[in-house]
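Working notes, beginning with the structure itself.
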Amino acid sequence: MKKEKLLHEGKAKKIYATADDDYCIVEYKDTATAFDGLKKEDLESKGILNNAITTIFFKLLEEEGIPTHFVEQLNERDMLVKRLEIIPVEVVVRNIAAGSLAKRLGLEEGVPLSKTVLELSLKNDELHDPMLNQYHVYALELANPQELARMEELALRINSFLVDYLMSRDIVLVDFKLEFGRYKDEIILGDEISPDTCRFWDAASSEKMDKDRFRRDMGEVMEAYQEVLKRLQQ
Ligand code: UDP
């Protein structure tokens, strides 16, 4: 299948229609953004690495019985996916305090959370992705209770699987963000799972292996993404 009309251009990906309405093609770009797009830079090969990393995760999740939009990797930058109606609710899963949670609750980064934390936020850069609770989700008719329950159940199952899998590769899964969509009456996982959307720490040194290196000007950003891919391919 090949790319037809450009349907949407986001910060890190372009979405193209295909001849079949049930499918679209995701092209992973090199652009890196942070702070709602205020900080922006091209990082050479980021798109290639995120496409490869997301492909590995989605294949593993499918094997675990988690429905994802992944169909196949077409080439270095392009992935064929099912065309979802994206639910504009970002689901963040947290195992260890970091980033905005550490700031908001006055916790030191790196403090383990004694129970997994799920957070919901509205996917809207202009409003800075405001946090939502379930009442907001229903009141704004973003998802119904059955759909939200399914999203939360899948998010927790994805977390359990990824925590163990990544630990076997000497990577700590600190937190990550998921997006879900509707496809033929089913809720399935969309978007990507990559160092752009996860916090990965080296198990031995706690060194950051994710987009925080870009957000915090730590350097060696692509080297870290490359190392994540290398460990997943082992
Ligand atoms: N995240 C993301 N997109 C967003 C917000 C968060 O992919 O729009 C990811 C982020 O990379 C991290 C997790 O979700 O792995 C939790 O992010 P946090 O709320 O701490 O916000 P941030 O520090 O990214 O502003």
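Structure notes:
- Rel. contact order, % - alpha carbon contacts under 8 angstrom, at least six apart, the range 78-117: 38
- The chain, relative contact order [Cα under 8 Å, separation at least 6], %: 18
- Overall dimensions of the range 21-76 by Cα: Rg and Dmax, Å: 13.5, 38
- A Gaussian network model of the chain, with springs between Cα atoms under 10 Å, assigns the largest mean-square fluctuation among ASP78, ASP217, ASP170 to ASP217.
- Computed from label points 7 Å out along Cα-Cβ, the spacing between GLU223 and LYS103 is 2.7 nm.
- Per residue, the solvent-accessible area of the chain (1.4 Å probe, heavy atoms of protein chains only, all protein chains present) comes to 49 Å².
- Using R0 = 22 Å, the C-beta based FRET efficiency linking TYR135 and ASP185 works out to 0.35.
- Modelled label positions at ASP42 and LEU60, each set 7 Å beyond Cα in the direction of Cβ, lie 3.1 nm from each other.
- Among the protein heavy atoms, those of SER194 account for about 0 Å² of accessible surface (1.4 Å probe, every chain in place).
- Residues GLU72 and THR116, FRET efficiency given R0 of 41 Å [Cβ-Cβ distance, rounded to 0.05]: 0.85
- Rg and Dmax of the chain, based on Cα coordinates, read 17.0, 50 Å.
- Amide H partners (placed H, <5 Å) of ASP175, local residues excluded: ASN95, ARG199
- The convex hull built on the alpha-carbon positions of the range 178-234 has an orientation-averaged projected area of 5.0 nm².
- Largest to smallest principal axis extent of the C-alpha atoms in the range 125-207, angstrom: 45, 30, 19
- Here the gap between ARG216 and ASP21, fully extended at 0.36 nm per residue and compared with their Cα-Cα distance, gives a gain of 66.2 nm.
- Percent accessible area from carbon and sulfur atoms, the range 75-179, protein chains only, probe 1.4 Å: 52
- The mean sequence separation of alpha-carbon pairs under 8 Å and at least six residues apart, normalised by the residue count of the range 94-174, gives a relative contact order of 23 percent.
- Helix-only arithmetic for the chain: the sum of -39500 (n - 2.57) across DSSP H runs with n ≥ 4, divided by the residue total, places the mean residue ellipticity at 222 nm at -9500 deg cm²/dmol.
- Counting only protein heavy atoms and a probe of 1.4 Å, the accessible surface of the range 32-71 is 49% carbon and sulfur.
- Too-long pairs where the Cα-Cα distance tops 24 Å, listed order kept, from LYS14/LYS103; LYS103/LYS211; LYS59/LYS177; LYS39/LYS59; LYS3/LYS29; LYS3/LYS208: LYS14/LYS103; LYS39/LYS59; LYS3/LYS208
The values are calculated or read from the model by the stated rules, or taken from the named source; none is laboratory data. Bear in mind the structure is a predicted one, so any value in this text is a computation, not a measurement. Please note: Cβ atoms are built from the backbone with ideal geometry, for glycine as well, and neighbour counts cover all protein chains shown. In case anyone asks, the SASA skips ligands and DNA or RNA and just uses the protein heavy atoms, side chains included. Shrake-Rupley method; radii C 1.70, N 1.55, O 1.52, S 1.80 Å.
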